[in-house]
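The structure appears right after this line, and notes come after that.
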Amino acid sequence: MKVCKKVLLINPEDSRSKLNFDGIIVNEPLDLEIIYTALIKNDIKAKFYDFLTNEKEDLKSVIEEYKPDFICTTAVINQIPFVLEYFNIAKHVNKNIKTIITGSYAEHNYRQLFLNCIDYISRSYDPNCIVNIISDVDNKNINGLCYKVNNVWKNNKLSYFDINSITTIDRKHFYKNKKIYRYLEMVGACQVRTSYSCPYKCKFCYRTILNNNKYVTKDIIKVVDEIESIKSDNIYIVDDDFLFNRNRLIEFITEVKKRKIHKKYICYGRVDFILKNKDIIKELKEIGFYYILVGLEAINDNNLNNYNKLIKKDDNVNCVQFLNDIGINCMGMFIIDLNFKRKDFKNLYNWIKTNNLKHVALSIFTPLPGTKLYNEYKNKLITQDLTKWDYVHLVTKPLNLNKHIFYLYYYLLVIKLFKLAKRNNVYDFIDFKKLRKNFFGLVVKD
Ligand code: SF4
């Protein structure tokens, strides 16, 4: 008789510091849903444990009751310590439970995960690698897998994965928690991936080296089929850069119009593309593009050059103005550089106010393991605690300010920006008092 294996899929906590957009940007666990779909198709039982949906029972009780054979999770860098905690809990309940980790950190930093509580590291985005592990396929034949033989880690070669082979995603978990997953006021933001990895080479960025450095795209017809089938009006295209190929976007717009699909969209795009393809952006606005998340990164050419961003400071000004003019919400993403002095925090605030940029996300400069930039900084780290790699903490020493003063100016900037946003009637749904308390904690405690 065939014994049916059971898998518990864990969506880890984002952060325990409760800073930034906690509770107002809550991401659907798309990658885990893709794995779930592949498991179910192969008659493997699977169930979610999602920390973002405030599960009623604690993880240990769920493991005791569900009795999984495998625990599988995807994680980015700052979630790794949480994942290790979950795996240790599972092993404590039953040492025979096998643990699998996958996700962006695992692809390039697998050696850091050669730990007792981990049994498998899946470096590929291909969900069938997880299916193969559970189905007892010979480990040495699984693409990009790290596994143990007599307690010695083995590491298979990784080939890129073509995302066109991902089949229709089973969205049961999303629909069950539709009210929780959101992007700001867009509640029920359903994630769609139309490409994987990024064709650009920004120096600080990890996304460009994913999928064995290979940018892959999904056929537009398949993308529009997927969007059409989703029972939600809010679509969050999570590609690192959706606005890349002009012809592909024309095909997308034509197909959406032809099928009379009326939804609201969020996507990432670059300043240079937006400025060179204003006609396309206007058409995207017409079919429902509501937020474009743009990596503005800096307001001076020096920092933009350092990041190899391939844009000039005036391009950023023109991009924000253009998106404001046509009525697309620009979410401007900036890096708070380690070289910031007091005046840089002030200048950034003034720039945002003067250019009428209503939505802003700030990230403290964070060298990510696996990038070339990391090698320049690895001897200057001030912490080894991976939970701090969440872009709201310093992981290396600021160049011109004492750490606490840097945090203080950062905190003041965040508070001023939220006040500005309130005056502009955005972020009405934010608990301002809670946010202020959390950020003040950062200045005092970290
Ligand atoms: S910052 Fe954006 S454009 Fe640059 S490599 Fe990363 S994902 Fe691509």
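The values are calculated or read from the model by the stated rules, or taken from the named source; none is laboratory data. What you see is a predicted model, and the numbers here were worked out from it, not measured in a lab. Here the Cβ positions follow ideal geometry from the backbone for every residue, glycine too, while neighbour counts run over all protein chains shown.
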Against the condition among the acidic types (Asp, Glu) and either more than 24 Å from the chain's Cα centre (by Cα) or under 20 Å from CYS198 (Cα atoms) (or both), how does GLU228 come out, does it pass? no
Could you tell me whether any residue of the stretch 120-140 is closer than 30 Å to ILE311 by Cβ, surrounded by 14 or more Cβ atoms within 10 Å (Cβ to Cβ) and either under 17 Å from the mean Cα position of the chain (by Cα) or among the acidic types (Asp, Glu) (or both)? yes
Would you be able to say whether some residue in the stretch 370-389 is more than 29 Å from ARG16 (Cβ to Cβ) and touching a Cys at 6+ places or on another chain (Cβ under 8 Å)? no
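What tally of residues in the stretch 250-274 results from selecting those that are within 16 Å of the ligand (Cβ to nearest atom) and either not acidic (Asp, Glu) or not assigned by TED's automatic domain parsing to the domain that holds CYS202 (or both)?
8
I need the full set of residues from the stretch 214-235 which are within 11 Å of the ligand (Cβ to nearest atom) and either among the acidic types (Asp, Glu) or assigned to a helix (DSSP H, G or I) (or both), in order please.
Matches in the stretch 214-235: none.
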From the list ILE89, ILE71, ILE100, ILE77, which residue is in the same structural domain as LEU30 (by TED's automatic domain parsing), under 14 Å from ASP14 (Cβ atoms) and aliphatic (A, V, I, L, M)? ILE77
Just for the stretch 286-304: of the residues that are part of a strand (DSSP E or B) and not aliphatic (A, V, I, L, M), which one is nearest to the ligand (Cβ to nearest atom)? GLY295
In the stretch 160-213, the residues that are within 16 Å of the ligand (Cβ to nearest atom), in contact (Cβ under 8 Å) with a residue 60 or more places away in the chain and of a type in the set (A, V, I, L, M, F, W, C): CYS202, PHE204, CYS205, ILE209, LEU210
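Suppose we filter the stretch 236-261 for residues that are assigned to a loop (DSSP other than H, G, I, E, B) and within 16 Å of VAL216 (Cβ to Cβ); how many remain?
Going through the stretch 236-261 one residue at a time, the tally reaches 7.
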Of everything in the stretch 260-314, what is of a type in the set (S, T, N, Q) and touching a residue at least 40 places away in the same chain (Cβ under 8 Å)? Give them in sequence order. ASN306, ASN308
Within the stretch 323-359, can you find the residues that are hydroxyl-bearing (Ser, Thr, Tyr) and either part of a loop (DSSP other than H, G, I, E, B) or touching a Leu at 6+ places or on another chain (Cβ under 8 Å) (or both)? TYR349
For the stretch 315-322, state whether one or more residues are in contact (Cβ under 8 Å) with a residue 60 or more places away in the chain, assigned to a helix (DSSP H, G or I), under 28 Å from ILE209 (Cβ atoms) and within 16 Å of the ligand (Cβ to nearest atom). no
Which of the strands (runs of 3 or more DSSP E) contained wholly in the stretch 78-156 include at least 3 residues that are under 17 Å from LEU59 (Cβ atoms)? 98-102
